[in-house]
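The values are calculated or read from the model by the stated rules, or taken from the named source; none is laboratory data. Since the structure is predicted, the reported quantities are computational estimates derived from the model, not experimental observations. Don't worry about glycine lacking a Cβ; one is built from the backbone with ideal geometry, like all the others, and counts go over all protein chains shown.
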Amino acid sequence: MTINDRFLTYVQIDTQSDENNHSKPSTTKQYDLAKLLVKELKDLNIQEVKLDPYGVVYAHIPANNASKKTIGLIAHMDTAPDFTGKNVRPKIIFHYDGTPILLNKNLNLWLDPKDFETLSRQIGDDLVVTDGTTLLGADDKAGIAIIMDFVAFIMTHPEYLHCNLSIAFTNDEEIGNGADNFDYAYFNADYAYTIDGGSIHEINYENFNAANATIVVRGRSIHPGSAKNKMLNSILIAQEFHALLDQNAIPSKTEGYEGFYHLDAINGQCEKTTLHYLLRDHDLTKLEKKKQALIKAKEIINQKYQLPLIECNIIDSYYNMKDLILKQPEILEVVYAAYQKLNIDYQLIPIRGGTDGARLSYEGLLTPNLGTGGYNCHGKYEYASLTEMKQMVEILKIIFQQ
Ligand SMILES: [Zn+2]
């Protein structure tokens, strides 16, 4: 089976996860792909294949060289709840010529390099697009197809010498639960890579440090007709509080390494208003400063009113994996060497979010991320480059020759 066939097969299996369902996995249809992958792995004569009670697929391939090293590869089976993944009808564009691609004639829907500039770098690539009514699911079935194609190569080329390989296909990544119940002991790798996300020309080993803050503002509700010098409207006090924060450090005004305060929910009446903030920064010291700024703002308001009107509760959520990964530089050096050997360019791109790899890294399994050749994920304009997927398989072949 070619990587093209694998990818087209996987994307046509609906595996959308559901953040409102707390069973594990969140949707039973994720088993449809899990069971197929178990069968394909067994058909390739891999001895150790397991579907665990949480719906995660694991497999091990022993080294056929003298190496004692075990490297892991991880991809997720689910697709995002944001957009439907049912009845995906993928279409291959061979040897893309750089012109706008018609996704759906009836809807007059186009994938146009004017809107999506990454397309102009993919002239000559074989691309896969949607019919404009679903997402594609390259996130992360491109990662699964890459790993399965690599595994198939290993099992049919005994002359290819490689170290031990551990594989995990996880579920519910898109709802933030991909690292729940991960069986580290069974996986048993020295370190791993998630094969997920965008361009293969991007390598990610940095992500945000994250904290979430809940601010409760108490007011004093009085009949508005007789409220003079008595009412304290907590909604207005909440606005005063917010105005004390850096108004440029918000998601819509930041990029790259710039962190932010994201006011993501507000709920208020005169008597009580609650604000919920996401605090994010790649630099832990700067994240601490953001937390301190909230506490300072609280003190200023409480001081002004001479009343303890504001409570501030801040909880850390996840951390940047960068410092952990840089302690073992060989994890990245072998990747850079593979790119250089194949003459494929790469950039180190900080993730403006969290990853399952970050959670795994903090549990002791260091896991930077490599790209898949998938673009515009979570919507109808999602597409994948089969050419980049094949290049990633070649990169893995070099990485595992240790
Ligand atoms: Zn993903």
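Considering the conditions (1) modelled with pLDDT of 95 or more; (2) more than 19 Å from PHE7 (Cβ to Cβ); (3) more than 16 Å from the ligand (Cβ to nearest atom), ALA192 is excluded by exactly one of them, (3).
If you check ASP131, ASP183, ASP97, ASP125 for being more than 16 Å from the ligand (Cβ to nearest atom), without any contact (Cβ under 8 Å) to a residue 40 or more places away in the chain and not aliphatic (A, V, I, L, M), only one passes: ASP97.
Of all residues in segment 152-185, those that are over 23 Å from the mean Cα position of the chain (by Cα) and of a type outside the set (D, E, K, R) total 13.
In segment 347-365, of all residues being small (Gly, Ala, Ser) and crowded, with 23+ Cβ neighbours inside 10 Å, the one that is nearest to the ligand (Cβ to nearest atom) corresponds to GLY357. Considering segment 167-200, and only residues there that are touching a strand residue (DSSP E or B) at 6+ places or on another chain (Cβ under 9 Å) and among the hydroxyl-bearing types (Ser, Thr, Tyr), the residue that is surrounded by the most Cβ atoms within 10 Å (Cβ to Cβ) turns out to be THR170.
If the condition is being at pLDDT below 95 and not in a loop (DSSP other than H, G, I, E, B), then segment 253-269 contributes ASP264, ALA265.
Here is the figure for segment 309-335: residues that are touching a residue at least 12 places away in the same chain (Cβ under 8 Å) and part of a loop (DSSP other than H, G, I, E, B) total 5.
Filtered by the rule that a residue be of a type in the set (Lys, Arg), within 25 Å of the chain's Cα centre (by Cα) and farther than 16 Å from ASP78 by Cα, segment 33-54 gives a lone residue, LYS50. Residues that are more than 18 Å from ILE123 (Cα to Cα), within 16 Å of the ligand (Cβ to nearest atom) and in a loop (DSSP other than H, G, I, E, B) within segment 366-399 comprise THR367, PRO368, GLY371, CYS377, HIS378, GLY379, listed in sequence order.
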